[in-house]
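First up is the structure itself, then whatever we jot down about it.
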Amino acid sequence: MSAHPARTSEHLATLCAADGEFRLAARFWNGGMRLRMGGTLLGMTLANGMPRAADPDQDAAGVIGLAAPQQTWDALLAATPPRFGNDIAPLVMAGQMALEGDPVVYAQYYPAVMRAIELLRPPAPSQAMPPPAAAGRFDSPVGRYIHLQLDGMDHRVYFEEAGAGIPLLLQHTAGCHGSQWRHLFERPEVTDHFRLIAYDLPFHGKSLPPVGPKWWATEYRLTAAFLRAVPVTLASALKLDRPVFMGCSVGGLLALDLARHHPDVFRAVIAVEGALKVDADVEALSALWHPQVSNEYKARMMDSLMSPTSPEAYRKETSHVYAAGWPPAFLGDLHYYLVDYDLRAEAASIDTGRTAVHILNGEYDWSGSMEHGQAAHAAIAGSTWTGMQGVGHFPMSENPDAFVRHLLPILEAIKARPVPAIGGR
């Protein structure tokens, strides 16, 4: 099959050389890239990050190869790619695209490879962004620290809050922090009725590690018992009356965990990207905390979980937070996400008469997929499920307008429901 006119090695090298994002991601790269599209090969060599059209030796150091049938590439290179076909990460993980080369080199230069592939796509439709805020304007949330006793240690936990009414605790995703919820704080249709409280888990964001134990000499792993204790202890310390809990990803699993284990603490939980069990080999993700791989790998991989139709500026902001996090945090949080957490045998025990359960999943999320959310909904009698078209794993930060449209009916249902008595009586 002949190459698309815009899909030649020469044109690819020209596009990459002229693109600032590619040049930054490819800095210091000595090696090359081979893209096998059915019967067509696109190749580049790189010398200190500068591309040149050529067919590099696949066995040479620093060369990354990707191969897939033409139809897989056609979907990947569409202006709006389909779910799970929008990025090489889910394709490689699902075995739909073959990866050749050193996996560490792949992790180091995955952001550059993915950017090169994006440059081969036709222009995407323009995305409307809100006007900039007026100079000198204060955003709504106010932040402070609270001391919590967790695992017998004093943790100085940072949280931000705004609004009035029903307390709503907000839990961020793995390896991230509470800034993901910043857009929700500026929505009066939410804050007029709910007191939003977004906290940073210990070791995340502005919540520093505890003083005393030698945490730096032990591998960080987030456990179910510790994670459940954070919102329960925070709710008690703040004297919250039957708050609502909403979390995304790790927080989305935690929402269902809290409904199972602490039904008398929370009147309702909202599981964004919720699931009963997420299956993946955490050992296969070791590049997420590798001394030769920077935080840019995990940041760029987060883009693969988002919808290509979400505003680019918000997608890049979401990724930026991952690049800024403590390097062990993301992989350590996945211990809960992939190992400790499993509600398949206990989901039927969740009493939605005591704690209302609402589940939402984004179309482009290949981790906590819509299929995962539907399975959780089917297992939890009385729960609700919402499929969010056109968004991915981080709806509250990648596309806040779309997220709020899906969230408001849930908040209305929570407002209208009488608060169950302790013990469901």
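Things to note:
- Flag for residue 77 being among the hydrophobic types (A, V, I, L, M, F, W, C) and outside the structural domain of residue 234 (by TED's automatic domain parsing): yes
- Residue tally, condition farther than 14 Å from residue 148 by Cβ and outside any loop (DSSP other than H, G, I, E, B), over the range 208-232: 5
- All positions within the range 277-287 that are surrounded by 14 or more Cβ atoms within 10 Å (Cβ to Cβ) and either of a type in the set (D, E, K, R) or within 11 Å of residue 252 (Cβ to Cβ) (or both): 277, 278
- Any hit, the range 200-215, residues being among the small types (Gly, Ala, Ser), out of contact with any Cys (no Cβ under 7 Å at 6 or more places or on another chain) and surrounded by 16 or more Cβ atoms within 10 Å (Cβ to Cβ): yes
Here is a yes/no grid of residues against (1) in contact with a strand residue (DSSP E or B) (Cβ under 9 Å, 6 or more places away or on another chain); (2) at pLDDT 95 or above; (3) not aromatic (Phe, Trp, Tyr):
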{"site": "205", "(1), (2), (3)": "yes, yes, yes"}
{"site": "230", "(1), (2), (3)": "yes, yes, yes"}
{"site": "235", "(1), (2), (3)": "yes, yes, yes"}
{"site": "261", "(1), (2), (3)": "no, yes, yes"}
{"site": "285", "(1), (2), (3)": "no, no, yes"}
{"site": "288", "(1), (2), (3)": "no, no, yes"}
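- Selection count, the range 105-156, where residues are out of contact with any Gly (no Cβ under 7 Å at 6 or more places or on another chain), surrounded by 14 or more Cβ atoms within 10 Å (Cβ to Cβ) and under 30 Å from residue 36 (Cβ atoms): 17
- So residue 298, is it closer than 21 Å to residue 363 by Cα and crowded, with 23+ Cβ neighbours inside 10 Å: yes
- Filter pass, residue 279 being within 22 Å of residue 387 (Cα to Cα), in a loop (DSSP other than H, G, I, E, B) and either more than 20 Å from the chain's Cα centre (by Cα) or modelled with pLDDT under 95 (or both): yes
- With respect to the stated conditions, residue 121 fails to be among the charged types (D, E, K, R) and in contact with a helix residue (DSSP H, G or I) (Cβ under 7 Å, 6 or more places away or on another chain).
- Filtered by the rule that a residue be free of Cβ contacts under 8 Å to residues at least 12 places away in the same chain and either in a helix (DSSP H, G or I) or within 16 Å of the chain's Cα centre (by Cα) (or both), the range 282-315 gives 283, 284.
- Residue identified as surrounded by fewer than 24 Cβ atoms within 10 Å (Cβ to Cβ) and in contact with a Ser or Thr (Cβ under 9 Å, 6 or more places away or on another chain) among 345, 356: 356
- The single condition among (1) out of contact with any Gly (no Cβ under 6 Å at 6 or more places or on another chain); (2) surrounded by fewer than 18 Cβ atoms within 10 Å (Cβ to Cβ); (3) not aliphatic (A, V, I, L, M) that residue 243 does not satisfy is (2).
- When the test is whether a residue is in contact with a Lys or Arg (Cβ under 9 Å, 6 or more places away or on another chain) and either of a type outside the set (Val, Ile, Thr) or not assigned by TED's automatic domain parsing to the domain that holds residue 98 (or both), residue 55 passes it.
- Check on residue 353, within 30 Å of residue 128 (Cα to Cα), touching a residue at least 24 places away in the same chain (Cβ under 8 Å), in a loop (DSSP other than H, G, I, E, B) and touching a helix residue (DSSP H, G or I) at 6+ places or on another chain (Cβ under 8 Å): no
- Looking across 339, 272, 321, one residue alone is β-branched (Val, Ile, Thr), out of contact with any Cys (no Cβ under 7 Å at 6 or more places or on another chain) and either surrounded by fewer than 24 Cβ atoms within 10 Å (Cβ to Cβ) or at pLDDT 95 or above (or both). It is 339.
- Options 373, 392: the member that is of a type in the set (Gly, Ala, Ser), touching a strand residue (DSSP E or B) at 6+ places or on another chain (Cβ under 6 Å), under 30 Å from residue 132 (Cβ atoms) and buried (at least 21 other Cβ atoms within 10 Å of the Cβ): 392
- Of all residues making up the range 237-252, the number that are within 18 Å of residue 203 (Cβ to Cβ), touching a strand residue (DSSP E or B) at 6+ places or on another chain (Cβ under 7 Å) and not in a strand (DSSP E or B): 1
- For the range 335-368, the set of residues classified as closer than 13 Å to residue 272 by Cβ and hydroxyl-bearing (Ser, Thr, Tyr) consists of 367 only.
The values are calculated or read from the model by the stated rules, or taken from the named source; none is laboratory data. Quick caveat, the model's predicted, so the values are computed rather than measured. Here the Cβ is made from the backbone with ideal geometry for all residues, glycine too, and neighbour counts use every protein chain on show.
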